[in-house]
Every structure is written in C-alpha cells, then in structure tokens.
There are 2 protein chains.
Amino acid sequence: MTAGQSIGTALLGVLGLMTVAASAQSDKPLTIRSQGSFFVGGETKTVSAPSQPPQDFTVNQMYVQFQQPMNGARHVPVVMVHGCCLSSKTWETTPDGRMGWNEYFLRKDRSVYLAEQVSRARSGFDASIINQVKAGTAKPDQLPGVLMASHQTAWTVFRFGPEYGKAFSDEQFPVQAADELYKQMIPDFNSVLPTPNPTWKDMAALGVQLHGAVLIGHSESGFFPEEAAMIDPSGIRGIVSIEMGVHHHAQAGSVGESGEDSDSRDVRRSPRRCEGSVRRGLAEQFQNLPTVRAAGEGRGRERPTDGTAEAWHSRQQPYADAG
Amino acid sequence: MTAGQSIGTALLGVLGLMTVAASAQSDKPLTIRSQGSFFVGGETKTVSAPSQPPQDFTVNQMYVQFQQPMNGARHVPVVMVHGCCLSSKTWETTPDGRMGWNEYFLRKDRSVYLAEQVSRARSGFDASIINQVKAGTAKPDQLPGVLMASHQTAWTVFRFGPEYGKAFSDEQFPVQAADELYKQMIPDFNSVLPTPNPTWKDMAALGVQLHGAVLIGHSESGFFPEEAAMIDPSGIRGIVSIEMGVHHHAQAGSVGESGEDSDSRDVRRSPRRCEGSVRRGLAEQFQNLPTVRAAGEGRGRERPTDGTAEAWHSRQQPYADAG
C-alpha cells in the first residue's frame, strides 16, 4: 500500500461520521496552539451609478476560519468546504448537539481550515445586480436564480426517509433534530459567480499557502477539490468528496470522467469538466492523488453497484489516523 | 461605585481596542473548555409556487458561535453582534493579522458568543422575493434594498482619514491592511426583516439562555442591546454600544432618547424608538443596566462636546478585568 493509498484509506474511515455519532466526543479541554480567520483571493469591482462617484467593492473573496492543535504539525491539515445552501456550520456542532467534524479532527491532532464558498455566508457575494433591478437599470431576468433548500428537499436528498416526515427505520441521521439542520440552510448565490468558480482557485491557493492540505468537499462542493487540483495540484495532498451524488469511475485516482448525476436538482456541475487538452494535461499531474469518494446523496435506497458504495449509508467506522 | 458602574467602567476600558493593537496578544496555547455553535430563534415559512407542492423554509434564525475558556465561570459571558455589512469576522483576527476581540476576551477568562445578525452570513436570510421577481410573480420594486458598503464608505465612516485614500497622520487603524477589511464587507439584507428585527428578540433570549450576559453591539447594531433589553432585560447584565454614530443623552442608564444621527447613510435605526407607554415601562426596568457607549462613527475630526467622547479616537486603554 502506497503512502497515498494509506491516506486515502484512513480518510475513508471518517466518512461514516457524516450522519452518525462521533466516537471521539470528549469533555477534555481542547488546547489550541493558534486560531483565527483570514481571506483567500478577492478582487475589486467598481460600480458606477447615476449622479454619484464610482464605488469600489471587494468580490470573490473566500473566508477561512482555522484552528491548529498543539500537535498539528504531525499531520497534513484538512480544508473543509460545505455544500449547497449550507455554510461552514456543516462541520461544527451537529444538529443534535454533538461534536462536529472540525473539533473531531482537532482532537486527532490535525489542523482544520473551514473555508466558506465564495458567494456564501461570511465570504459574501456580489449583490449589485439586485439593486440594479430594483432601480430599473437591469431586467428582472438578470437576477440570479437563488438556490434555497426546503425542508422537503433536505429530507429526501440527505436520505432521511422515503418521503418527507417519514424516516427509514434504520436511519442514522437524528431526525428528531431535523429542525436544527433546517436552520443551517441558507440562500446559495453560486449563480452570480464567474466561470470558473473562484472557490476552486482559492482552494488551490490555500493548499499552497498551507504547504500541503487535504481538501474535503461535500455535496455541491464534492467535486471542488478536483477542480482545485486541475488549477494547481501542488498544494493538494489528498481529496475527499462526500455525498456528491452518483458518479461512475470513482476509484481512487480516477478523475474527471463522471457520468450523469442522478441528482442534479439543486447541484450544478461545471460544464464539460476536464475537456480540452490543457485541462487533461493538468489532470494527469494529479491522477495519483489519494482520492476518496462517498456516494449517497439522492440515491434513494438502492445500494450502488458501481463500486462507489463503501461508505453509502454506512455505519460508523473507526477513524484510522494517518497522513 | 456600584457593581453595575464597576462593570461599565471595566468595559469602557476595552473600547480603545477597536482600532489599536491588542495588548494581550500571546503565543501561549489557548485552552478551551467547550466550543461549538447553535441557533437561537427561527420560524417556518411556507412558500407556494405554481405546479409544485408547497415548500417549507426556516427563516429569522440567529447563528451563534461560542468558546468557553477554562475559567469562564468567573465572569459574565459576552455576546458580540457585528455591524452593517459585516459578519462575526469583525471580532476575529484583525485585518493586519493580530488577535481579535473574541480571543482577547477568552484569554481574560470570559466566554465569548459571536452572534450573526438575522439575515446575515451564517444566519441566512429569506431570499424568496428575489426568485419571485425573477419569475415575474413579484415586481422589481418589491426587491430589498441591499446595503453594500464600498471601500470609499468604509474609509470615511470608520474615520481612516479625511478623504478616501488619505489617512489621518495619527490614524490608529492599520490602513495598509484596509484591503483586508474590505473583504469582510458583505451584503446587508436587513431590509427583508420583519419589524421588530428578530435579532433583538434572539439576543434577549440568548441572554436568558446564558443565565446572564453582557451584550455588545457595533455601529448598525450599536442600539441592538438596548432593543433586546426592551424586549426582555432579565438575561442582560450589561450593554456596550460601540461606534453607533452620534447620540445625545449617552450617560450610563439613559435609554431611548437618542437624537439625530450625523451618520444615517447606511445605518437604519428603528423608527420611533422607545415610544409608547409599554416600551417606556420596559425601559424603566433596565434603566440601571450598566451601559457604555463609544461614539465615533461618522463624526469626522471634531471631538464631541456632549460627554460621549471618552473613547472617541481613543488611545489604547488597559483592560480592567471585572464583572
């Protein structure tokens, strides 16, 4: 087993945590070497309006909140990026009040960087088109289509049960706390973003800034680590894609040949990913990156038969420390 | 000096930190007894659209991120609420990379709760009107007026200098890092909120939940602690209002008779605050709450003459621990 496979195998072990109890829950104090927040990326946009001087705004910046444990140097840091209609809250205290993944990884001596997608939550977004439409200087159809996940959508996409309000008998998400999950769901303005999505570039830059990091994406952002690696793989030591719908060719190291998603209702994919010789050349540079994918979202109850199903609706697995 | 005055005096001592170096910067490890996040408030809104079943969304929830230090029980916790076009990033690492107020208070053995205003950042907001206007089922003038603070606005409102790009010779904000402040500025959707602002109720509820807290507001939210106290003062142990523009009658204990603001460009005040006998009755209940106000925002260079000026453009003051 190569070092890369070792990291991948170790990371696979944590995937079961997404919907089940965190075994490392601890009342022990948490000792932090350093914590804080900063931004990656961002550019200035100048907006002109009648009868006032042009105004400058910063757009496309990515907010990052981090904690480094005392022994964080032992391991490669992780960068966690939330999914559609969610924020970095995804990785914090669970809906039913248990420890989140951010603290879980910290307690395993791993530095954790929570990156908020460009256009979401503390990263902000470019809202100028809204004011322009209100003022009549732009047309209503120029407004972004805002993704808002309803309670009903969450119930089925996250596989709580066969229909809204009815849980699977062996469901592992704490459905009695579903209302707390719904509070995490916020408007998704990714449709205002330029192409390619600035989050991908910022994730690649963050990996370089950290001298190596494992990038973790979830659902909408499940393929973001791959996209980041296609921009610059030099700071990326591993890729974890959680619940990004059904993808074929999901073995470690295979990249960019995803098939049709069974769930494309509220998750937009990059068009024509990995096409063109330049991108193909880049993809070759990181085809041996440790890559773990956990399928599930939108799958319903049928167990996948394409080999991606190891973590599908999985029971909790022990966290094998490595990397 | 009463206990209340003691807390107020102690809190006044920290106000100088807003724009100057934090003296407690430390490379020592930070030991946390508990940390996490949760929501206060929130309600279900059902949205109907043609040819699909009604969908439920959670709106008006307030996201709260907290850390409790080992000796946090020694002191009353603080709840910090950011201002216009900002998020809880306000209280974290400064634009030039120094320790933020959240960690500063933690290192003084005080639990810190960062509350994100309802309709901002991780609290989310109700975006349904945007989709309705895009779909043609609502009119463009029903869109919210989105507050976006430009670089130019920040420069003058936060008193970096007499005109954009030119700093006061004795300016204490690290203007060389102004670009990093601009990245913190995000769209402000407070205009989509019902009246009264749900953040006020949620702040009052959080105070009760914490069995007592000092509420801190900044700029746009400078008067939020007062509004929270008028809803329910029982969980509020003190009020700190930072840079909320020019208010008359700003002595400790005086409430609700603020005069005209010199800066109302991007800060909306509650209309007719404190009017009506019911609210006046409530105000009487907390008129002895320790209250500290630091003026400044939008004042220009003239030193206030109304007695509110102690912390105006102040030099760093030592933090007197109390409360």
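Looking only at segment B:136-150, count every residue that is free of Cβ contacts under 8 Å to residues at least 24 places away in the same chain, more than 7 Å from chain A (Cβ to nearest Cβ) and among the small types (Gly, Ala, Ser) and tell me the total.
Residues in segment B:136-150 being free of Cβ contacts under 8 Å to residues at least 24 places away in the same chain, more than 7 Å from chain A (Cβ to nearest Cβ) and among the small types (Gly, Ala, Ser): 1 in total.
Give me a count of the residues in segment A:33-56 that are within 7 Å of chain B (Cβ to nearest Cβ) and either open to solvent by 90 Å² or more (accessible area, probe 1.4 Å) or of a type in the set (Val, Ile, Thr) (or both).
Of the residues in segment A:33-56, 1 are within 7 Å of chain B (Cβ to nearest Cβ) and either open to solvent by 90 Å² or more (accessible area, probe 1.4 Å) or of a type in the set (Val, Ile, Thr) (or both).
Which numbered condition in (1) in contact with a His (Cβ under 8 Å, 6 or more places away or on another chain); (2) closer than 18 Å to B:ALA121 by Cβ; (3) more than 14 Å from chain B (Cβ to nearest Cβ) is the only one that A:TYR182 fails?
For A:TYR182, the exception is condition (3).
Mind checking whether some residue in segment A:222-237 is buried (at least 20 other Cβ atoms within 10 Å of the Cβ), in contact with a Ser or Thr (Cβ under 8 Å, 6 or more places away or on another chain) and β-branched (Val, Ile, Thr)?
Within segment A:222-237, not a single residue is buried (at least 20 other Cβ atoms within 10 Å of the Cβ), in contact with a Ser or Thr (Cβ under 8 Å, 6 or more places away or on another chain) and β-branched (Val, Ile, Thr).
Report the residue count in segment A:32-58 for those that are out of contact with any Ser or Thr (no Cβ under 8 Å at 6 or more places or on another chain), farther than 20 Å from A:LEU114 by Cβ and modelled with pLDDT of 95 or more.
Looking only at that region, the number is 1.
Can you pull out every residue in segment B:77-129 that is basic (Lys, Arg) and within 10 Å of another protein chain (Cβ to nearest Cβ)? Show your work before the answer.
First, the residues of segment B:77-129 that are basic (Lys, Arg): B:89, B:98, B:107-108, B:110, B:120, B:122.
The answer is B:LYS89, B:ARG98, B:ARG120, B:ARG122.
From (1) within 22 Å of B:ASN60 (Cβ to Cβ); (2) hydrophobic (A, V, I, L, M, F, W, C); (3) in a helix (DSSP H, G or I), pick out the condition that doesn't hold for A:CYS85.
(3)
Residue by residue, here is whether (1) in contact (Cβ under 8 Å) with a residue 40 or more places away in the chain; (2) open to solvent by 10 Å² or more (accessible area, probe 1.4 Å) holds:
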position: A:GLN152; (1), (2): no, yes
position: A:PRO162; (1), (2): yes, yes
position: A:GLY165; (1), (2): no, yes
position: A:ASP170; (1), (2): no, yes
position: A:ALA178; (1), (2): yes, no
position: A:SER191; (1), (2): yes, yes
position: A:ALA205; (1), (2): yes, yes
position: A:VAL214; (1), (2): yes, no
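Can you name the number of the only condition in (1) of a type outside the set (Val, Ile, Thr); (2) outside any strand (DSSP E or B); (3) in contact with a Pro (Cβ under 7 Å, 6 or more places away or on another chain) that A:ASP27 fails?
Just one mismatch for A:ASP27, condition (3).
If I ask for residues that are among the basic types (Lys, Arg) and either assigned to a helix (DSSP H, G or I) or surrounded by fewer than 19 Cβ atoms within 10 Å (Cβ to Cβ) (or both), which ones from segment B:115-134 would you list?
Hits for segment B:115-134 are B:ARG122, B:LYS134.
Hey, among B:VAL146, B:VAL112, which residue is open to solvent by less than 20 Å² (accessible area, probe 1.4 Å), modelled with pLDDT of 95 or more and closer than 30 Å to B:MET70 by Cβ? Break it down into steps so the answer makes sense when it comes.
On the way: B:VAL146 fails: closer than 30 Å to B:MET70 by Cβ.
It is B:VAL112.
The values are calculated or read from the model by the stated rules, or taken from the named source; none is laboratory data. For clarity, every value in this text was computed on a predicted model and none was experimentally measured. Counting neighbours? That spans all protein chains shown, and the Cβs are built from the backbone with ideal geometry, glycine included. Note: accessible area is taken over every heavy atom of the protein model, side chains too, but ligands, DNA and RNA are not part of it. Shrake-Rupley method; radii C 1.70, N 1.55, O 1.52, S 1.80 Å.
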